[in-house]
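The values are calculated or read from the model by the stated rules, or taken from the named source; none is laboratory data. Predicted model, so just to flag it, every value in this text is computed and none were measured. Cβ coordinates were reconstructed from backbone atoms using ideal geometry, including for glycine residues, and neighbour counts include every protein chain displayed. Accessible surface areas use protein heavy atoms only, side chains included; no ligands, DNA or RNA. Shrake-Rupley method; radii C 1.70, N 1.55, O 1.52, S 1.80 Å.
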Amino acid sequence: MGRRSGLEGFIRATSRAIAAAERERARQARGAATIRRVHERNERMAAAQSMRDSKAAEKQAKIDYLELRQQEVADKNEEIEDCLAGLRGVLAHTLDVDDMISFDSLRPTEKFAPFEISPRLYSTSAPEEVLHLPPPSWSVLMPHIAKRHELKIKNSAENYQRQLIAFSIQEIVKQFFKDQERREYDARKAAFHAGQAERNSAIDQFKAEYFSHDSDAVTTYCDMVLSRSEYPLNDFPQQFRVAFDALTGTLAVEYELPLISSVPTTSEFRYVKSKDSIESKLRKPSEIQDIYRQLIAEIALRTMHELFEADQASAIKVLTYTGIIDTHDPATGHDIRVPVISVRAARETFLAINLQRADPVACLRTLGAHVSARPGELLAVKPIIEFNMVDKRFIVQGDALNELESRS
């Protein structure tokens with residue numbers, strides 16, 4: 001049980017890290033593009049402003065300055081449209097994605113580095129014996145010359161023997177440390193492969209338990225699916241809780257929703273030439289509410305779609321989803337968790353829906369969902385299934401709603 005819990009924690013952490021890295025990459029790419037546009041615009045504006053100071057170029061500078069201000073407005077309006085496109089594309093974004101997780105993708109793929117000895121242990125060339133020519137024939141007539149030559153040969157031979165002995169000892173020592181490094185390498189390599197084999201064994205066990213509809217395994221798998229889900233939104237909470245009842249095949253999901261503040265309150269910007277200022281037009285409150293209701297409906301259907309599509313073991317017979325707003329009560333300042341959408345659907349019923357063409361709000365209504373009439377005002381609904389905060393079992397049609405439910 002301990003090993004499995006460790007693996008499940010590792011798998012969750014790995015999946016969340018991969019998903020977080022991908023979301024951060026996309027966020028940085030979008031941010032970089034925006035920063036680049038602003039930087040280019042500021043450079044052009046500075047150049048235009050500089051030209052305005054020159055009377056000779058004043059007319060052209062005014063034209064350029066006006067174009068830049070209008071471009072600034074266009075950029076701001078484009079940012080609004082990009083944000084709205086992201087909010088309105090939450091469901092469509094996932095329909096072309098295969099949410100099923102391959103168990104083989106969880107297996108370790110790292111290769112152990114090949115053995116390399118330390119440079120200090122590299123072998124060197126053995127010393128070479130110095131070869132001496134025989135003394136000249138006439139040296140017999142000069143004994144001291146022949147004796148000096150003989151002594152030179154003797155000293156050279158002795159020096160060679162000393163070098164050869166030192167080299168041999170050095171090579172023996174190097175070989176000793178080479179063997180030691182090899183043994184240490186082999187031990188590390190064996191431990192590495194043993195660890196991989198243990199992980200593979202644990203993944204095999206996890207896979208078998210998942211396909212046998214084990215509650216913990218199904219819960220872990222669903223956690224991975226939702227952790228890998230990439231949303232086209234900045235600062236999306238993507239926090240959730242999952243519980244699975246193997247006896248009934250019921251999966252309960254409690255999902256944290258973004259706040260209504262994620263909807264841009266400005267509908268458009270415009271440049272007022274007479275004031276040389278950029279003014280904004282506020283979006284109607286009713287339009288903000290409509291966009292937000294559409295957003296949370298799409299998040300609900302997206303979550304259910306991803307879980308049903310990824311369920312290769314067909315473990316989930318019924319899925320219940322509760323969308324939660326995690327915020328604070330403006331009246332008391334206390335932290336609150338407000339359920340604003342709750343829906344329950346059988347597998348066959350949900351998979352029969354054509355999400356490419358269905359209207360999210362109407363779809364949820366057909367499924368009998370409980371949807372807040374004013375989610376932006378934290379008007380709560382009664383969850384179809386609640387999580388028990390003590391033992392994490394879920395309770396059907398509980399009554400643990402906060403005081404905001406009674407607001408009209």
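Residue by residue, here is whether (1) at pLDDT 75 or above; (2) within 15 Å of Ile324 (Cα to Cα) holds:
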residue	(1), (2)
Leu367	yes, no
His370	yes, yes
Pro375	yes, yes
Leu379	yes, yes
Met389	no, yes
Lys392	no, no
Val396	no, no
Asp399	no, no
Leu404	no, yes
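For the stretch 181-189, the count of residues that are in contact (Cβ under 8 Å) with a residue 60 or more places away in the chain, among the hydroxyl-bearing types (Ser, Thr, Tyr) and part of a helix (DSSP H, G or I) is at least one. Ile117 meets each of the listed conditions (1) surrounded by 15 or more Cβ atoms within 10 Å (Cβ to Cβ); (2) β-branched (Val, Ile, Thr); (3) assigned to a loop (DSSP other than H, G, I, E, B) apart from (1).
Against the numbered list (1) assigned to a helix (DSSP H, G or I); (2) open to solvent by 50 Å² or more (accessible area, probe 1.4 Å), Gln196 comes up short only at (2).
In the stretch 261-290, the residues that are closer than 23 Å to Ile63 by Cα form Cβ pairs under 7 Å with partners that are basic (Lys, Arg) and open to solvent by less than 80 Å² (accessible area, probe 1.4 Å), at six or more places apart or across chains, as follows: Phe269/Lys76; Tyr271/Arg69. Considering each residue of the stretch 209-223 in turn, none proves to be open to solvent by 70 Å² or more (accessible area, probe 1.4 Å), closer than 30 Å to Ala29 by Cα and part of a helix (DSSP H, G or I). When restricted to residues that are within 29 Å of the chain's Cα centre (by Cα) and open to solvent by less than 20 Å² (accessible area, probe 1.4 Å), the stretch 356-370 contains 1. Taking the criterion of being open to solvent by less than 50 Å² (accessible area, probe 1.4 Å) and under 23 Å from Arg88 (Cβ atoms), the residues of the stretch 346-355 that qualify are Phe350, Ile353, Leu355.
Is there a residue in the stretch 279-286 that is more than 16 Å from Ala362 (Cα to Cα) and assigned to a helix (DSSP H, G or I)? The answer is yes; a qualifying residue exists.
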